[in-house]
1. Looking at Ala47, Ala30, Ala79, can you tell me which residue is surrounded by fewer than 18 Cβ atoms within 10 Å (Cβ to Cβ) and out of contact with any helix residue (DSSP H, G or I) (no Cβ under 8 Å at 6 or more places or on another chain)?
2. For the stretch 10-22, state whether one or more residues are assigned to a loop (DSSP other than H, G, I, E, B) and aliphatic (A, V, I, L, M).
3. Quick one: how many residues across the stretch 161-175 are among the β-branched types (Val, Ile, Thr) and over 12 Å from Thr107 (Cα atoms)?
4. Find the helices (runs of 4 or more DSSP H) located wholly in the stretch 70-179 whose residues include 3 or more that are modelled with pLDDT under 90 and within 19 Å of Ile11 (Cβ to Cβ), and list them.
5. Of the residues that make up the stretch 52-60, is at least one of a type outside the set (A, V, I, L, M, F, W, C), out of contact with any Asp or Glu (no Cβ under 7 Å at 6 or more places or on another chain) and within 21 Å of Val168 (Cα to Cα)?
6. Here are some residues: Arg63, Arg103. Which one is under 19 Å from Leu142 (Cα atoms) and within 17 Å of the chain's Cα centre (by Cα)?
7. Give the residue, chosen from Gly55, Gly16, Gly21, Gly3, that is at pLDDT below 95, within 11 Å of the chain's Cα centre (by Cα) and not hydrophobic (A, V, I, L, M, F, W, C).
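The values are calculated or read from the model by the stated rules, or taken from the named source; none is laboratory data. Worth saying up front: this structure is predicted, and the values here are computed from it rather than measured. Virtual Cβ from ideal backbone geometry, glycine too; neighbours counted across all protein chains shown.
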Amino acid sequence: MRGPLNPQPVIVVVMGVSGSGKTTAAALLAAALGCRFQEGDNLHPPANVEKMHCGTPLTDADRMPWLRRIAEEIDGWRAHGCSGVLTCSALKRSYRDIVIGDRPEVTLVYLKGSHDLIRRRMAARRGHFMPATLLDSQFGTLQEPTADEHPIVVDVGGTPDDIVADIVSRLEQRHAGHR
């Protein structure tokens, strides 16, 4: 997407509850856009990972250092004029205000799916630190993005390739409208 017709970097935060497909979609999206990819979960402090692994939901205080690290990553990309795709559950508006805030060049993509679909996906995956037992907590915390956040909302019922094709198409439409 970045090139002679669109010289501005493209930065995307892919959000959703655990099991919505953030990592898969974001990695494919970064490859499609030819830009950097950052798995937001890798920026969690070790204490957070341990809490989640043990089935303990994180508190807002637990999340603050993680959210600040994500914002710092985005600001680093912005400072260097880089494009990138980053995952972050970003379940609450207050979290998105930290991660995206007054960064108009950052696009929020919300991967939306039903509780049943995501529970089935979580039950099928192996080796992830987030147990399926925390899904209710995730949905309980979730504040879906509102229109003033200008999210791209994508249903996760399709294949990863279909989801990414939809995101790319909608990003292209947005950037065509900003020229």
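1. Details: Ala47 fails: out of contact with any helix residue (DSSP H, G or I) (no Cβ under 8 Å at 6 or more places or on another chain); Ala30 fails: surrounded by fewer than 18 Cβ atoms within 10 Å (Cβ to Cβ).
One residue alone meets the criteria, Ala79.
2. Here is the first cut: in the stretch 10-22, the residues assigned to a loop (DSSP other than H, G, I, E, B) are 10, 16-21.
Remaining after also requiring aliphatic (A, V, I, L, M): 10, 17.
The answer is yes; a qualifying residue exists.
3. Of the residues in the stretch 161-175, the ones among the β-branched types (Val, Ile, Thr) are 163-164, 167-168.
Those left that are additionally over 12 Å from Thr107 (Cα atoms): 163-164.
The total comes to 2.
4. Values: elements: 93-99, 115-124, 135-141, 160-177.
Result: 160-177.
5. Quick first cut of the stretch 52-60, residues of a type outside the set (A, V, I, L, M, F, W, C) only: 53, 55-57, 59-60.
Cutting the leftovers down to out of contact with any Asp or Glu (no Cβ under 7 Å at 6 or more places or on another chain) gives us 53, 55-57, 59-60.
Restricting the remaining residues to those that are within 21 Å of Val168 (Cα to Cα) gives none.
No - not one qualifying residue is present in the stretch 52-60.
6. Values: Arg103 fails: under 19 Å from Leu142 (Cα atoms).
Among Arg63, Arg103, only Arg63 is under 19 Å from Leu142 (Cα atoms) and within 17 Å of the chain's Cα centre (by Cα).
7. Values: Gly55 fails: within 11 Å of the chain's Cα centre (by Cα); Gly16 fails: at pLDDT below 95; Gly3 fails: within 11 Å of the chain's Cα centre (by Cα).
Gly21 is the lone residue from the list that is at pLDDT below 95, within 11 Å of the chain's Cα centre (by Cα) and not hydrophobic (A, V, I, L, M, F, W, C).
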